[in-house]
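The values are calculated or read from the model by the stated rules, or taken from the named source; none is laboratory data. Keep in mind that this is a model prediction, so the values were computed, not measured. So basically every Cβ, Gly included, is an ideal-geometry build from the backbone, and we count neighbours across all protein chains shown. Side chains included, ligands, DNA and RNA excluded: accessible areas come from the protein's heavy atoms. Shrake-Rupley method; radii C 1.70, N 1.55, O 1.52, S 1.80 Å.
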Amino acid sequence: MPTGRSSTPEAGRGRRGATREKMIRTAAVLLRENGVAGTTIDKVLAASGAPRGSVYHHFPGGRAQLLSEAVELATESIIELAGAAGEGDPAVALDAFVALWREQLLASDYRAGCPVLAVVVDADPALPELTEQAGEAFGRWQSVLARMLGERGMTTTSADRLALQSLCILEGAVAVSRARREISPLDEAAQAIRALYEAEVDRAGVTS
């Protein structure tokens with residue numbers, strides 16, 4: 001009887017889990033670079049190296065489920081980044097967001113965008129649930145930023161407004177950077193958000 005760890009049920013489950021995660025991550029990358037139309041099952045399989053039989057084994061809901069989980073992965077990644085980098089300081093979290101987008105834009109030669117925004121801009125009429133999921137994702141990001149701002153002493157109204165402004169400015173800046181193939185729109189956006197934050201801090205008398 002084989003005794004290698006690769007033959008154990010636990011190892012088998014681990015491999016299956018790794019395959020599933022790789023497919024989701026691959027779908028997220030394809031979404032951010034190619035949009036919904038360019039994120040097909042065939043392309044995910046080709047890029048991830050996963051066997052075709054794994055699609056409906058891991059994603060019984062098919063392409064819709066795979067795309068939905070890719071959007072969820074992108075959503076959670078940003079929330080985790082904010083928590084790990086910011087530790088309650090929205091200015092530090094902003095720097096982390098900008099650093100992430102800078103890295104992804106330059107590394108992809110300006111092909112990479114936001115996977116969550118992609119399902120809205122390149123919406124598939126057959127998958128309206130993805131647009132709804134994107135709206136919820138933006139709401140969650142706004143809530144995380146607003147909570148950080150509130151913890152710095154801002155009122156709920158001010159925190160919500162500044163969080164939404166920051167989100168819109170950053171998402172727009174990434175799109176403009178991709179279109180113009182230069183990083184300056186992202187840098188300008190970061191400066192604009194920081195100015196808004198500092199103005200709000202001064203107005204509210206919050207210690208930054």
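Calculated accessible area for the chain comes out at 52 Å² per residue, all protein chains present (probe 1.4 Å; ligands, DNA, RNA ignored). A simple charge model with +1 on the Cβ of Lys and Arg, -1 on the Cβ of Asp and Glu and nothing else charged puts the dipole of the chain at about 860 debye relative to its Cα centre. Given labels modelled 7 Å from the Cα in the Cβ direction, how far is it in nm from Arg52 to Leu100? It works out to 3.6 nm between the two label points. Relative to the longest principal axis of the Cα atoms of the chain, the long axis of helix 90-107 lies at roughly 50 degrees. When the alpha carbon gyration tensor of the range 32-127 is reduced to an equivalent ellipsoid, the three semi-axes, largest first, read 28, 15, 13 Å. To put it simply, the accessible area of the chain at a 1.4 Å probe is 55 percent carbon and sulfur. Which residue, chosen from Val29, Pro185, Ala50, occupies the Cα position most advanced towards the positive end of the dipole of the chain, where the dipole is computed from +1 (Lys, Arg) and -1 (Asp, Glu) charges on Cβ about the Cα centre? Going by the charge dipole, the pick is Ala50.
Dividing the Cα radius of gyration of the chain by 2.2 N^0.38 Å, with N the residue count, gives 1.17. The calculated P(r) of the range 112-172, using every Cα pair and 5 Å bins from 0, goes 4, 19, 23, 20, 15, 10, 6, 2, 0 in percent. The amide H of Val36, built 1.01 Å from its N in the peptide plane, has Asp122 as neighbours under 5 Å, considering only residues 5 or more places off or on other chains.
Rg then Dmax, both in Å and based on the Cα atoms of the range 98-208: 15.5, 49. A quarter of the convex hull surface defined by the alpha-carbon atoms of the range 157-199 gives 2.6 nm² as the mean projection.
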